[in-house]
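Down below is the structure, laid out as structure tokens.
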Amino acid sequence: MQLIVSEEGGAYLEAADAFRAAFGATHPLRSWSLAQLDGAQLRALSGEHDLIVAIGLKAARALAKQYGGQAAVLTLMLPRVSAERLPWPAGMPRRKVSHVYIDQPASRTLGLVAAAFPQARRVALVVSAENAEAVKSLQQEAARRHLSLNLNTVAQDEEVAPSLREVLPDSDVLLLLPDSIAIHAGNAQNVLLMTYRYRVPVVGFSPGLSKAGAVAAVYSSPAQIGRQGGVMALHWKPEYGELPVPRDAEAFFIAFNPHVARSLGVILPDLVQVRKRLGAEEN
Amino acid sequence: MKYALLCAAVLATTLPPLCAAAELSESDFLGDFPVVLTASRLMQPAQDAPKSISVIDRAMIEASGFQNLAELFQLVPGYYVAQRNGYTFAVTSGLVDEYSRQMQVLVDGRSVYQPTMGGVQWDALPLAIADIDRIEVVHGPDADSYGANSMMGVINILTRRPDEAGTTLSVTAGSENRRDFLFRWAGGEASKQRVTLGWQQNEGLTGLNDSTHAPLFTYSGDIDVGPGRSLNLQMGYVGGTRGAGDFAQYGNGTSLPHDQRVDSQFQQLDYRAGLSDGGEWLFKAYHNYLMDKETVPVGPGAPITTYHGIPVYLLPGSYELDLLSERWHVETQWNRPLNDAVRFSLGAYARHDAVNSPLNYGTDQDLVAASWGAFSHAEWRLAKAWLLNAGMMWEYHDLVGSRVSPHLSLSWQPSPNHTLRLGVARAYRDPLEFEKNANFALTLMTTAGPYTERLYGSNPGIQPESVLSREVAYLGRWPEYGLTGEARIHMDSLGGLIDLPPGEKPPYHLTNVGESLDRGVDATLRWRLAPHAFVQMNYAFLHIDTTLFAKPYFPPLLVSLLASYRFDHGIDVSLGYYQSAALVMISSDRPPAYHRTNLRIAREFKQDGHPVRLAFILQGLGADNYGYNYSAPSPARDLLPRQALLQCQVEF
């Protein structure tokens, strides 16, 4: 079995360590950094009847481009939308590829909205077309929870601010989804300040966003994703060669930013209780 | 410069194509997001702020490899940094003098500007670089927000919040026998606390008596006071000894090598309450205390004078050179949005400053000055693309009476990524106790009997310095390429500049003697390629026409570049290049042009499950002289601070 990380150190090391710990020392596992492998080596590795675990988009994309035709591939930490766009050769059997996504499922995200802001009924959402699938899931989940979704779709960066101005006055919470147009490092500061002006709390998708000013965030850490990947890999049987279906990360963390909450006059419930409630909803 | 540009080019060519930024990747989930700015007293994004702001964030602080806080300001366009010895730095924007009298410096909003000599004693700030979250530098006058002395700019150092839980131990060793230790702990449940303990020691630069032995303690606690409110308490201490005085062969023996004892501490309270109308109420109180205590030995060196043609030498003895400053400050502020288009803040402060230095002021009594002020700032979105900012500060100071510092700016934002701003501001600098009430007299025993040197006298009629500043600024962002840039053209008319009158014999009386017209350009370009990769370039040009008697008082050209990239195997490589043209300081010292190149190579990995970061830092590669103390004898003026450092940090 082969493990390829996009980069060494940081989150990739965390995920790889957790993968190895869950996978156990009894199984032979060879670890590579993407920089150590050229195209021919990637083709050779994936030309074997083996399982390759790719951590991060760079490793997964390189493997897809150089795929040798035999190995099963499990990717870890990819956003769902990017995993679905990997350039596999035509005719690649679907069950030969699986993923543990870094995104959070709609039920969990809106579960956090309901648990952290029980009075909230109107949830603002500004996304680009790349999140069309995620929006569908959110719309279904919102309907189930009797929440109304104030949705605005943007096609370019310039539209984000006007869209927010449109939806924020009629919303109780703004939900942020990772989106290369609607919210990214270049505009996060403006988006958060605008929500602050409208006194609308933000629910985010990463600890970085919570630190920057989102009142609450739900996310899965690299170690949690790595651990789940290790357990999935244990179930892979060389004789069948197929992998379980792609999954969202099962384990997750919740982060609150009490300072922003206080500034907005939001009374947050107990973090442990919220975590328990979300856990119970999923079981 | 060629070397640095070549390295930057090599870095750039090894980088991945930017199209990757268009696709979502795990780094969109794992990276940090830029935090909001507090340029004026209202929270505003950079493009809505009434002034140009440079931000030094943690990534830049770490990539720079700088170990002295003052050196970080080389990362700001238009800021000149020079070094006098191992721990004394001059950080200035505009007219360069050793005490940086025209620039306000805040730490979490607490003014650390010294009421004794002006400026900041950087080595006496109870602050570890590892505790800094980011530094915001406002270009140009900001007296309408932060009061007198914010005449040429404001530096606001913001520390990390105590809710970043964790335990970190860091050790740094290297040139000049440097041994720095730092322990940080942050945690807690309902209330979050952060404690930092540090020890810094080094022998200083070759040929100088400028060693540092500095214990450090800081505490920050977010106390849980219920929903809608927050209370933060901070305190800190830095002390120890600094080497001072000249070796006998380099001076006339008026200050032989000795230790200066530093005792610097502060306490601060910040309270914030959200109001039901969407506004907020803030209250701040703090106390700063700084005592520099020196018993200066004197003895035979070069002759200090001649008597009837016979050289006169000092006899062994000593004198006390103590300098105490203490500040008590309270302020309150009310922020409120009136509607979607208008927000405002109103506030007031009161301050009590006390200084004591028998040698400088001729009395062992405290010299006390009270000051108070009221301020207001309003932001009005006139139309979708037009934003008006207006601010005003009224102040009264015991030494000079009252004055008003207004500011007005108009921004045109044809799109969210492009802003053009016009601004005009007036600001003042209050005279310091030393400028108004100096009475410096020193009596020493010599081979010809007692010798009295009366260097400085008082000037009861001294008035504040003033500036009228006009600026045009452009702020642009190209998120698809990860680029942000800002350029500012400014014209500052300074009046009543305080200096020594030409031709005067001792005792000198500091007087409003000069005027100046400064015209310049500051520009910054930042290219963020990935969470761990960026390039920042700064450029500043300044032309000064002045009636003061030495010119040009600021390097006409300043350039800096910082590039950092994370390679595989968790290896970070950073390269910094800093260049300054020659100048003449107000003290008439003449630092020549310099250039410095710094390199940092770091690797992150895990050891027994603990994140470890090892860093190797080389400073002053191919450097020219970096010092400014040109009236001093060699080697005190010929500083070549080349350093090699190894740093190890472990998180538990």
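Here, each number is a calculation from the coordinates, and none is a lab measurement. On a predicted model such as this, the values are computed, not experimentally measured, just so you know. No Cβ is skipped: glycine too gets one built from the backbone with ideal geometry, and neighbour counts run over all protein chains shown.
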Mind checking the angle between helix B:2-13 and chain B's longest principal axis? C-alpha axes, 0 to 90 degrees, to the nearest 10.
-> 20 degrees
Cα-based radius of gyration of region A:58-100 once divided by 2.2 N^0.38 Å, which approximates compact folds = 1.03
Could you go through region B:79-85 in sequence order and give the Karplus-derived ³J(HN,Hα) for each residue, using 6.51 cos²θ - 1.76 cosθ + 1.60 with θ = phi - 60°, rounded to whole Hz, and x for Gly and Pro?
-> 10, 9, 10, 9, 10, 9, 7
Kindly provide the helix-only [θ] at 222 nm of chain A, computed as the sum of -39,500 (n - 2.57) over DSSP H runs of four or more divided by all residues, to the nearest 500 deg cm²/dmol?
-> -11500 deg cm²/dmol
Using per-residue counts of other Cβ atoms within 10 Å, averaged over each peptide, order B:403-414, B:51-62 from highest down.
-> B:51-62, B:403-414
So, with points 7 Å from each Cα along the Cβ direction, the B:A285-B:F616 label distance in nm works out to 5.3 nm
Compute the FRET efficiency between B:W478 and B:T363 as 1/(1 + (r/R0)^6), taking r as their Cβ-Cβ distance and R0 = 41 Å, and round to the nearest 0.05.
-> 0.10
How much net charge surrounds B:Y396 when only the other residues with a Cβ under 14 Å from the Cβ of B:Y396 are counted, with Lys and Arg +1 and Asp and Glu -1?
-> -2
C-alpha center-to-center spacing [region A:88-130, region B:325-373] in angstrom | 51 Å
What value, in deg cm²/dmol to 500, does the helix sum -39500 (n - 2.57) over DSSP H runs of n ≥ 4 give at 222 nm once divided by the residues of chain B?
-> -1000 deg cm²/dmol
Nearest-0.05 FRET efficiency for B:F217 and A:Q140 at R0 = 60 Å, using Cβ-Cβ distance, is 0.65
Tell me, what is the FRET efficiency for B:V650 and A:A35 to the nearest 0.05, using R0 = 30 angstrom and their Cβ-Cβ distance as r?
-> 0.70
Give me the number: length gained by fully extending A:R199 to A:D170, i.e. 0.36 nm times residue separation minus the C-alpha to C-alpha distance, one decimal in nm.
-> 9.3 nm
Within region B:440-516, what percent of beta bridges assigned by DSSP are antiparallel, to the nearest 5?
-> 90 percent
Given charges at beta-carbon only (K, R positive; D, E negative), |dipole| of region B:42-110 in Debye = 120 debye
How far apart, in nm, are two points set 7 Å out from the Cα along the Cα-to-Cβ line at B:T167 and at A:A120?
-> 3.6 nm
Rg and Dmax [Cα atoms of chain A; Å; Rg one decimal, Dmax integer] | 20.1, 59
Using a 10 Å cut-off on Cβ to Cβ distances, tally the other chain neighbours for every residue of A:3-16 and report the average as a whole number.
-> 5
Average the reciprocal distances over every distinct pair of alpha-carbons in chain B, invert the result, and give the Kirkwood radius in Å.
-> 26.0 Å
P(r) tail fraction, the protein assembly as shown - alpha-carbon pairs more than 58 Å apart, % | 14 percent
Length gained if B:S191 through B:T332 is fully extended, taking 0.36 nm per residue and subtracting the Cα-Cα distance, is 48.4 nm
Of B:Y428, B:G485, B:L497, farthest towards positive along the dipole that unit charges on Lys, Arg, Asp, Glu beta carbons give region B:411-540 = B:G485
Most to least packed among B:374-381, B:604-611 [average Cβ atoms within 10 Å] = B:374-381, B:604-611
Could you pull out the trypsin sites (Lys or Arg not before Pro) across region B:99-190 that fall in loop regions by DSSP (anything but H, G, I, E, B) with no more than 16 other Cβ atoms inside 10 Å?
-> none
If the chain between B:A370 and B:L455 were fully stretched, how many nm would it gain, using 0.36 nm times the residue separation less the Cα-Cα distance?
-> 27.9 nm
Give a quick list of GluC sites (Glu not before Pro) in region A:176-256 that DSSP marks as loop, anything other than H, G, I, E or B, with at most 10 other Cβ atoms within 10 Å.
-> A:E239
A:F253-B:S318 pseudo-label distance in nm [points 7 Å out on the Cα-to-Cβ vector] | 5.4 nm
How big is the charge dipole of region B:2-651 about its Cα centre, in debye rounded to the nearest 20, if each Lys and Arg gets +1 on its Cβ and each Asp and Glu gets -1 on its Cβ?
-> 880 debye
